[in-house]
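Here the structure comes first, spelled out in structure tokens, and everything after it is commentary.
Every read-out reported here was derived from the displayed coordinates using simple, explicitly stated rules and does not represent laboratory data. Only a predicted model underlies this, so the values are computations on that prediction, with no experimental measurement involved. As a convention, Cβ positions derive from the backbone with ideal geometry for all residues, glycine included, and neighbour counts pool all protein chains shown.
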Amino acid sequence: MPVLHRRLLLGVSAAAVLAAIAPAGAEPAKGEPIYLGVSGPLTGPNAQYGAQWKMGFDLALDEINGSGGIKGRPLAYVFEDTQSDPRQSVAVAQKFVADPKIVAELGDFASPASMAASPIYQKAKLVQFGFTNSHPDFTKGGDYMWSNSVSQADEQPLSAAYAVKRLGLKRIAVLHLNTDWGRTSKEIFNKAAKEYGAEVVATEGYLPDEKDFRSTLVRVRDAKPDGVMLISYYSDAALIARQIRQSGLKLPIVAASSVYSPKLIELGGDAVEGIFTASRYFPDDPRPQVRDFVARFKAKYGKEPDAFNAYAYDTMILMAQVMREFGADRKSIHDGLAKVKDVPSVIFGKTTFDIQTRRVTGAKNVELVVKDGRFTLWDGGTAVR
Amino acid sequence: MASWIDYTVNGIIIGNIYALLAVGLALIFGVSRLINFAHGSVYVVGAYAGFLAVTHMGTPLPVTLVIVVVVGALLGLLIERFGLRPLQGYAHIAPLLATIGISFVLDQLVQLFFSPDPRALPSSLLETRFQVGSGTIGALDLVIAGVGLISAGLLYWFLRFTRLGWAVRATAQDRDAAQQMGVDVDAVHRTVFAIASGLGAVSGLLVGMYYNYFDPAMSFQATLKGVVAQVVGGVGNVPGAIAGSLLLGLVESYGIALFGTSYRNLFAFILLVVVLVLRPNGLFASRRQTPPEPMTGTFIAPSRPINVPPKALLGAAVAAALVPLVFPHPYVMQTLINAWLYALLGLSLTLIAGTVGLVSLGHAALLAIGGYTSALLALTFGVPVGLAILSAGLFTALLGTMLVFPSFRLRGHYLSIATLAIGEIVSLVILNWESVTRGPIGVSGIPSLSLFGLELDTDRSIYWFTLAVMVVLAALQFRLLGSHLGRVLRAVRDDDVAARSYGIGLDRYKALAFSVGSFAAGVSGAITAHIYSYINHETFNAQLSILALTIVILGGMGNVTGAIVGSVLLVGLPEVFRVAAEYRVLIYGLVLLLLVRFRPQGIMGTV
């Protein structure tokens, strides 16, 4: 298995480098690594997200293995490409389940692929940790399905409060990705916005591969909103923002935290100037684990981390903590997830699971605005003039 | 009223973009009678070539355009030389598969070189915007329209007034006759591929600039929209392709205006089916034109199939049944379960496409119908799973046949494109009909497989169940093909005029074959849904339809053992290449190309 060897080498050499610079007292990990299985897209239409996961994982592993690994053994992962296709994710699931070296599984990316594999993981009692799976039914697949994905029931009321209470929008047009994530988010956002006293005057769902939004925006304009809410990823948000400006609409734009990425600004250019959004963390955050994460990410990759990098990083740190405290075998990890408390986290501040839902609540939220081509803290001005 | 002006302007703008793609596709189809699935990949390469030129060499726009045209043209020459020329003289289906393989390889190469991240392609020169209605159009919109019109004009002039252009048209009308008259047919194909690919690459660059966005994954959608646009205008008809593109843009825009964004593609594809059924030559074809594709007997050319003796088949089935006992590894079993489920899909398509000649490009829709029917029956009405699967198969047979029935009068590529559209329509209906299908949220908690109250909860029992279903349906299909009925179906495929003059009711036999085939696909989708426990509109996507066709062509059209061998290979190879990580799809594409190159009639041969 060349993949394993490569990963092993990678992990060990990274550990060695870190050992040279690590402060005294932190022994680098050595010996037979402990493996996590990762099922996700490295090829196919979602390949960009798999690539971002890897960056987050590798950064976390440098840190973990540089400071003693898991009780002296290095932590490593085996990334199996599924293209986020359910037919491949079930095969990969069987592979991981049958491999005694794998102590827990992370992924997959999209719900159809993740949830198709859940019955296999559940039956084999191997933890399936879906860190991007916000589908409300994901953790209902069984007691081995866990997720630290930010719950939309948590996140969208915050977005709604930002848009309505603080930015002062009264008539909102909502554009959402027509996927399970976008659909769920939209329902919760619309409900919360109404509770805060705003009216949702238009709701338009679009497919992930859509590039042209001009006609949608005519519909939006005709509904006479005073602001647009985007429940999008960064790539479509950039496209929509550009076309909003090109079609001459001067509406304020609020976007879900999933657009937080340097790519939004690269792709959107001037058009994303003034977009209001939120993030789980912010580079100038006073929290030490955020500063540390951002600084080390920039040092390693030469760019700012985005939301997917942060999810992957957080997840690896969390798994390491669980294994350090409760043991690195399948059962201990399952039991440990229920017991682990206050793991330092970029996204949540501190991660503790709700044992009933097997999810984490209380995601951090920083309100941001894009100013002069950078994400900056929102200064308190309203959007509606 | 002002809004309608805006919708119209927007429709024309987007139609403009489709036109760039459609013209290239139309040109290749006109001459080579081939839907070039690699066209979208050329378009992606064009965007990246332009990006490199601008960012690394700082070239101004006119120079960038020239560079991109040259890169695209060279790529077109390569595609023609290595992908298609070796396959000349074989049935048209082999080059089709070759273009699919080429597009895999190109997309993967781009992804490996440039990372899968989307990129920006700023066009600061062309930011000027003009007020039209209440919106604006940019200078780039005009450039795109200009490039579309000028290239169409140049093509018209080239085809009408140059010697090489005459040769191209002569080759398009009758390749053999042109060759006898001394036309260098190879040179004609080269020219056409170079021109069309140059144009495709430019459209990639312009669209990338237009959206300030491009990524390697945009190729499939580009091919899809380009194909739709050129068929609406009349296959192989260059001015028609432009008109068809504008019409497609307008229909999408008005569809959004009337029903909302999530209905956009639904109207585009309904338009396509209506145009195909009412005017198979396209809206802009002249009446004098020769009938579309006089290619009876050439789309699928019979070859000498490899005859596997029944005893060997029986032995293979027994060996397959023994796998869980001899080699009880769950990963191997799961991979083979997938292979048997694909084999069911392959059996279905090999009957419909291979034996009867209805090459369907929307076969995943049948899986979706089967999967949703069974899932909802079991979940909502508490129907026992075994019965639900059976009912799903029957319902798929009924609904699938009804949907395709109006298209039975179409032949060759026209039918393929109609089925492609029907497949997309089914998927969009599933997405939008939320009260029944639960829309994008999907159906979760689907009961797992059970039979007569007996839970199939081990990998082994699921394996034996899928294998048994597959073997039974394969055996039935063998029986069917060997019977009088099988000969009638092949007669319909080989020469429908002759078949009709013998008193064979074509539609009836086509419907019969389609419903038998749909049953197998429906059952496959239903079993899949119960194994996964969760499905949504993306579970059975358009890529799966392409894969189904790949299985069937690779195995040999109409060949039952071929469908099974093809699916074992196409499910197995990506798993075998897993060690290659990011390179695995690239290797898979190359192997596919080699297989087509050396066995264009399929591994087991066309029956």
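The C-alpha atoms of chain A define a longest principal axis, and helix A:47-66 lies at about 50 degrees to it. Per-residue shielding of A:39-48, expressed as the average number of other chain Cβ atoms within 10 Å of the residue Cβ, stands at 6.
Considering only beta bridges that DSSP places wholly inside the protein assembly as shown, some 45 percent are antiparallel. Extending 7 Å from the Cα toward the beta-carbon at both B:Leu78 and B:Tyr90 defines two label points whose distance is 2.1 nm. Peptide A:244-257 shows a mean partner chain C-beta count of 2 within 10 Å per residue C-beta. Mind checking B:107-119 for the average number of partner chain beta-carbons within 10 Å of each residue's beta-carbon? So the per-residue partner count for this stretch is 4. Beta bridges from DSSP with both residues in the range A:27-146: antiparallel share about 5 percent, rounded to the nearest 5. Rounded is the label for the range B:310-598. Its Cα gyration tensor axes, ordered a ≥ b ≥ c, give a/c under 1.5.
Among the listed pairs A:Lys191/A:Lys364; A:Lys95/A:Lys331; A:Lys125/A:Lys186; A:Lys101/A:Lys331; A:Lys186/A:Lys224, those with a Cα-Cα distance over 24 Å are A:Lys125/A:Lys186.
Coupling constants for the range A:235-243 follow from the phi torsions by the Karplus curve (6.51 cos²θ - 1.76 cosθ + 1.60, θ = phi - 60°), and in residue order they are 5, 6, 4, 5, 4, 5, 4, 4, 6 Hz; glycine and proline get x. The C-alpha atoms of chain B define a longest principal axis, and helix B:264-278 lies at about 80 degrees to it. Computed from phi, the 3J(HN,Hα) profile of the range A:301-311 under the Karplus parametrisation 6.51, -1.76, 1.60 (θ = phi - 60°) reads 10, x, 8, 7, x, 10, 4, 5, 4, 5, 4 Hz, with x in place of Gly and Pro.
Phi angles across the range A:318-329 convert, under the Karplus curve 6.51 cos²θ - 1.76 cosθ + 1.60 with θ = phi - 60°, into 3J(HN,Hα) values of 4, 4, 4, 4, 4, 5, 5, 7, 10, x, 9, 10 Hz, Gly and Pro given as x. What shape does chain A take by its C-alpha gyration tensor, where a ≥ b ≥ c are the square roots of the eigenvalues and a/c under 1.5 counts as rounded, a/b above b/c as prolate, and the rest as oblate? It comes out prolate by the Cα gyration axes.
Positive end of the dipole of the range B:12-136 (Cβ unit charges, origin at the Cα centre): among B:Asn16, B:Ser32, B:Ile79, the Cα lying farthest that way belongs to B:Ser32.
If you take the square roots of the eigenvalues of the alpha-carbon gyration tensor of the protein assembly as shown and sort them as a ≥ b ≥ c, do you get rounded (a/c under 1.5), prolate (a/b over b/c) or oblate? Because a/c hits 1.5 or more and a/b fails to exceed b/c, the protein assembly as shown counts as oblate. Amide H contacts under 5 Å for A:Val38: A:Val78, A:Phe79, A:Glu80, A:Leu106, restricted to partners 5 or more places along the chain or on a different chain, H placed in the peptide plane at 1.01 Å from N. Residues whose amide H falls under 5 Å from that of A:Thr203, counting only those 5 or more places apart or on a different chain, are A:Val174, with hydrogens built in the peptide plane. Report note on the peptides A:185-194, B:174-183, A:115-124: ranked by the mean count of other C-beta atoms within 10 Å, highest first, their order is A:115-124, A:185-194, B:174-183.
Close amide H pairs (under 5 Å, H built 1.01 Å from N) link A:Leu368 with A:Thr277, A:Ala278, A:Ser279, A:Trp378, residues at least 5 positions away or on another chain.
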